[in-house]
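What follows is one structure encoded as structure tokens, with my remarks underneath.
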Amino acid sequence: MSEGKRITTKVSAEEINQQYKYIETIKQYNQGVISSIGKPVRYIIETFGCQMNENDSERLSGMLSGMGYSECSERKDSDLIIFNTCCVRENAEQKVYGHLGALKKLKETNPNLIIAICGCMMQQKDVVEHIKKTYKHVDIVFGTHNLYKFPELLNTAITTRSTVIDVWDSTGSIAENMPISRKENIKAWVTVMYGCNNFCSYCIVPYVRGRERSRSLEEIKNEVEKLAKDGCKEITLLGQNVNSYGKDLEGDLTFAGLLRELNKVQGIERIRFMTSHPKDLSDELIYAMRDCEKVCEHLHLPVQAGSSKILDEMNRRYSKEQYLGLIEKVKSNIPGIALTTDIIVGFPGETEEDFNETLDVVAKARFDMAYTFLYSKRTGTPAAKNPEQIPETVKKQRFDRLLELQNKISKEINDGLLGKELEVLVEGLSKSSKTTYTGRTRENKIVNFKGSPDMVGKLVKVKIEEIQTWSLLGKINK
């Protein structure tokens, strides 16, 4: 163990057991309420933001299910409403405030309604102060570090009928063995680590999610083995930067080592992961992706910008040339791999020459898809103080040029799949049809096809017959 290495610990079993006692207390309380009103007590969780938030919401659902709540889809039918928030972009925060305002009338109609708000937004002190002052109908405010204590916070709100605010600055611990209620049984998110140490100059995440904390191999493997027993076929490993996995644990386990271990789990057919930081994409990880037959041929590797100057300003800690070198190494070791990325357009100080460097990376890397964003200021980040902010008109013009190039490349790649037979994990009916089924290839391409209910959860061969903008149409080869 290197000197000064920070070791992540687990929340004590006593603390976890205490939360289960609160779950049981609330369950008994709710049974009394259900008997008196003659109908279920219901909850709704509205999730804003990334897959980590989705996974956190599944954990909240698990707790609420244990407390005797039933999930519903309408706010007006709810006895408990939770907003799980994101603060990566400012417009996400404004949206949350709009929704909170709309809940005031519901609270007036139903004074027993409990409104809770949690997630990344709550880790900002000015946001919590604003909610205390402006949205007095909110009952519970908590952050990302004490999610496991939600049963205790809810119990306090129910018994005292007063506002409960409990936001922790950070924690070096991980809470294991709390309930979870997953939305799907074929695919599952599995968080392998929390937090981020990278401090990219545009990003608020390290300030609200805290420093990197890895779960133990034993806990992750137990969770994945249980998922496999429950019929799950595909897992997606989550972390702000999965490539850093294990650096805060005793021993020398790396993310590549974790992949090799999970590849042995019987019943799991596919393994995906996100997100990878280019500066930590090791040869060892590339070889693990190549060697592990369950790890899918898809890599999401955010480039953010093509100019080495802008990358330096972003504190990304790699150059354009280093990034393209990684892409070349990945493609040579894993032929046919699908690459996706994130790109920010209009970062402060970005010149026309800098932007052309981004277009050059897109042309050379040939991403299957790019998630593109106009730069937006996040208060509290170094980039927000940069005086060289780019005008919105320039940002939008560059954004359109980037989309035009990327869409052309995406279509060319997809056109090459016409007539090919691809392995698809059948996820279920598509949202727009009662006879069309949908699933994804190992390369993460969406495929729609005529199927039957018995195919759900199975791997099938589909011949691609038509290329659409964001999906493929195919026919089952029987």
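Would you say residue 342 is surrounded by fewer than 17 Cβ atoms within 10 Å (Cβ to Cβ), under 25 Å from residue 223 (Cα atoms) and not aromatic (Phe, Trp, Tyr)?
No: the conditions fail for residue 342.
Going by the structure shown, is residue 124 without any contact (Cβ under 8 Å) to a residue 24 or more places away in the chain, surrounded by fewer than 22 Cβ atoms within 10 Å (Cβ to Cβ) and under 30 Å from residue 199 (Cα atoms)?
When the stated conditions are applied, residue 124 does not pass them.
Collect the residues in the range 78-102 that are over 13 Å from residue 47 (Cα atoms) and modelled with pLDDT of 95 or more, keeping them in residue-number order.
78, 79, 80
Provide a single number: the residues in the range 223-245 that are touching a residue at least 12 places away in the same chain (Cβ under 8 Å), over 19 Å from residue 296 (Cα atoms) and among the basic types (Lys, Arg).
The total comes to 1.
Among the candidates 106, 100, 60, single out the residue that is touching a helix residue (DSSP H, G or I) at 6+ places or on another chain (Cβ under 9 Å), surrounded by fewer than 18 Cβ atoms within 10 Å (Cβ to Cβ) and either outside any helix (DSSP H, G or I) or not assigned by TED's automatic domain parsing to the domain that holds residue 200 (or both).
106
Among the residues of the range 404-425, how many are assigned to a strand (DSSP E or B) and acidic (Asp, Glu)?
Looking only at that region, the number is 2.
Tally up the residues in the range 47-73 that are charged (D, E, K, R) and at pLDDT 95 or above, please.
3
Determine whether the range 276-290 contains at least one residue that is at pLDDT 95 or above and assigned to a strand (DSSP E or B).
no
Check residue 370 against each of (1) touching a residue at least 60 places away in the same chain (Cβ under 8 Å); (2) within 30 Å of residue 207 (Cβ to Cβ) and name the one condition it does not meet.
Only one criterion is unmet by residue 370, namely (1).
Confirm whether residue 196 is crowded, with 20+ Cβ neighbours inside 10 Å, within 18 Å of the chain's Cα centre (by Cα), in a loop (DSSP other than H, G, I, E, B) and on the phi < 0 side of the Ramachandran plot.
Considered against the rule, which asks whether it is crowded, with 20+ Cβ neighbours inside 10 Å, within 18 Å of the chain's Cα centre (by Cα), in a loop (DSSP other than H, G, I, E, B) and on the phi < 0 side of the Ramachandran plot, residue 196 comes out as yes.
Looking at the range 352-360, is at least one residue outside any helix (DSSP H, G or I), under 15 Å from residue 394 (Cβ atoms) and either touching a residue at least 24 places away in the same chain (Cβ under 8 Å) or outside the structural domain of residue 205 (by TED's automatic domain parsing) (or both)?
no
Considering every residue within the range 323-336, establish whether at least one is part of a loop (DSSP other than H, G, I, E, B) and either surrounded by 19 or more Cβ atoms within 10 Å (Cβ to Cβ) or in contact (Cβ under 8 Å) with a residue 24 or more places away in the chain (or both).
Looking for residues that are part of a loop (DSSP other than H, G, I, E, B) and either surrounded by 19 or more Cβ atoms within 10 Å (Cβ to Cβ) or in contact (Cβ under 8 Å) with a residue 24 or more places away in the chain (or both), one finds at least one in the range 323-336, hence yes.
So is residue 150 surrounded by 17 or more Cβ atoms within 10 Å (Cβ to Cβ), of a type outside the set (D, E, K, R) and touching a residue at least 40 places away in the same chain (Cβ under 8 Å) or not?
yes
Do we have residue 293 as of a type in the set (D, E, K, R), in a helix (DSSP H, G or I) and either surrounded by fewer than 19 Cβ atoms within 10 Å (Cβ to Cβ) or more than 22 Å from the chain's Cα centre (by Cα) (or both) here?
So residue 293 fails the test.
List every residue pair whose Cβ atoms sit under 6 Å apart, with the two residues 6 or more apart in sequence or on different chains, where the first one lies in the range 421-437 and is at positive phi and in the same structural domain as residue 188 (by TED's automatic domain parsing) and the second, anywhere, is outside any loop (DSSP other than H, G, I, E, B) and exposed (fewer than 14 other Cβ atoms within 10 Å of the Cβ).
none
List every residue pair whose Cβ atoms lie under 6 Å apart, where the two residues are 6 or more positions apart in sequence or sit on different chains, the first residue falls within the range 253-266 and is within 12 Å of residue 291 (Cβ to Cβ), and the second residue, located anywhere, is of a type in the set (Gly, Ala, Ser).
256/288; 259/288; 260/288
Name every residue in the range 35-57 that is assigned to a helix (DSSP H, G or I) and loosely packed, with under 14 Cβ neighbours inside 10 Å, in order of residue number.
35, 36, 37
Hey, among 238, 258, 227, 262, which residue is among the aliphatic types (A, V, I, L, M), surrounded by 19 or more Cβ atoms within 10 Å (Cβ to Cβ) and in contact with a Ser or Thr (Cβ under 6 Å, 6 or more places away or on another chain)?
Testing whether each residue is among the aliphatic types (A, V, I, L, M), surrounded by 19 or more Cβ atoms within 10 Å (Cβ to Cβ) and in contact with a Ser or Thr (Cβ under 6 Å, 6 or more places away or on another chain) leaves just 238.
Let me confirm something: among 395, 364, 385, which residue is among the charged types (D, E, K, R), surrounded by 13 or more Cβ atoms within 10 Å (Cβ to Cβ), assigned by TED's automatic domain parsing to the domain that holds residue 235 and closer than 30 Å to residue 123 by Cβ?
Going through 395, 364, 385 in turn, the sole match is 395.
The values are calculated or read from the model by the stated rules, or taken from the named source; none is laboratory data. Please read these numbers as outputs of a predicted model, since none were measured by experiment. Heads up, the Cβs are rebuilt from the backbone with ideal geometry, glycines too, and the neighbour counts pull from every protein chain shown.
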